[in-house]
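The values are calculated or read from the model by the stated rules, or taken from the named source; none is laboratory data. What you see is a predicted model, and the numbers here were worked out from it, not measured in a lab. Cβ atoms come from the backbone with ideal geometry, glycine included; neighbour counts cover every protein chain shown. Note: accessible area is taken over every heavy atom of the protein model, side chains too, but ligands, DNA and RNA are not part of it. Shrake-Rupley method; radii C 1.70, N 1.55, O 1.52, S 1.80 Å.
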Amino acid sequence: DAKTTQPNSMESNEEEPVHLPCNHSTISGTDYIHWYRQLPSQGPEYVIHGLTSNVNNRMASLAIAEDRKSSTLILHRATLRDAAVYYCILRDVNNAGNMLTFGGGTRLMVKP
Amino acid sequence: DTEVTQTPKHLVMGMTNKKSLKCEQHMGHRAMYWYKQKAKKPPELMFVYSYEKLSINESVPSRFSPECPNSSLLNLHLHALQPEDSALYLCASSQLEGRGSYNEQFFGPGTRLTVL
């Protein structure tokens, strides 16, 4: 699976939008873009995933660049509970093992 | 029920001990995973079980021995560990519907292991 690059940390104010970037310049046509997050003292949890089109769900939105070399996870109104490490992961659709290879992630800090 | 449970939450063991970590899910998932996470680092995949058979072993030392007694249970048997094996051990599960399907992984809270 191709590699992703994320900032080590970001800071946000509560109730403001947060845009978490991810670069994946070596993405292949069969790589899905996934986001998981890990809250303190918990296991990771799924946030969202997409292939080419932008995606929305109850937790977040995923904006994917037209060339697919980058993507942005958008939290529309950050809360203190959103403070976590956010992982951007590429997974080949042909990866039958359903494996996830985590990169360094971005530690999001939310200020009240 | 979308929960993966892991026991114990914490475990302290000596280098000569034998212990086991347990993971359980009742979502009907046919894939189960063990990950290891060192402090301030991302999780690293150790093992994958598909339909109760070991399908992936990421070159894990033999002092870690996984076992999948049935489709709901996953164990990790530990023997002769080293202090550097101290970490958070995470279990996860997912559906397994073949290539081309996306199957979200559900993670447990982990077992924090300390090897003295």
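Of note:
- Of everything listed in (1) open to solvent by less than 40 Å² (accessible area, probe 1.4 Å); (2) within 11 Å of chain B (Cβ to nearest Cβ), the single unmet condition for A:Arg107 is (1).
- Qualifying positions in the stretch B:64-84 - surrounded by 14 or more Cβ atoms within 10 Å (Cβ to Cβ), more than 20 Å from B:His26 (Cβ to Cβ) and without any contact (Cβ under 8 Å) to a residue 40 or more places away in the chain: B:Phe64, B:Ser65
- Hey, A:Ser12 more than 10 Å from every other protein chain (Cβ to nearest Cβ), assigned to a strand (DSSP E or B) and more than 14 Å from the chain's Cα centre (by Cα) or not: yes
- A single member of B:Leu81, B:Leu96, B:Leu90 is part of a loop (DSSP other than H, G, I, E, B) and within 8 Å of chain A (Cβ to nearest Cβ), and it is B:Leu96.
- Within the stretch A:39-57, tally of residues that are within 8 Å of another protein chain (Cβ to nearest Cβ) and either surrounded by fewer than 20 Cβ atoms within 10 Å (Cβ to Cβ) or part of a strand (DSSP E or B) (or both): 5
- When A:Thr26, A:Thr101 are checked against the criterion of being loosely packed, with under 15 Cβ neighbours inside 10 Å, touching a residue at least 12 places away in the same chain (Cβ under 8 Å) and over 10 Å from the mean Cα position of the chain (by Cα), a single residue qualifies: A:Thr26.
- Criterion (of a type outside the set (A, V, I, L, M) and more than 10 Å from chain A (Cβ to nearest Cβ)) met by exactly one of B:Glu52, B:Glu44, B:Glu104, B:Glu58: B:Glu52
- Taking (1) away from chain B (no Cβ under 11 Å); (2) under 28 Å from B:Lys38 (Cβ atoms); (3) open to solvent by less than 10 Å² (accessible area, probe 1.4 Å); (4) at pLDDT 95 or above in turn, A:Asp31 satisfies each apart from (4).
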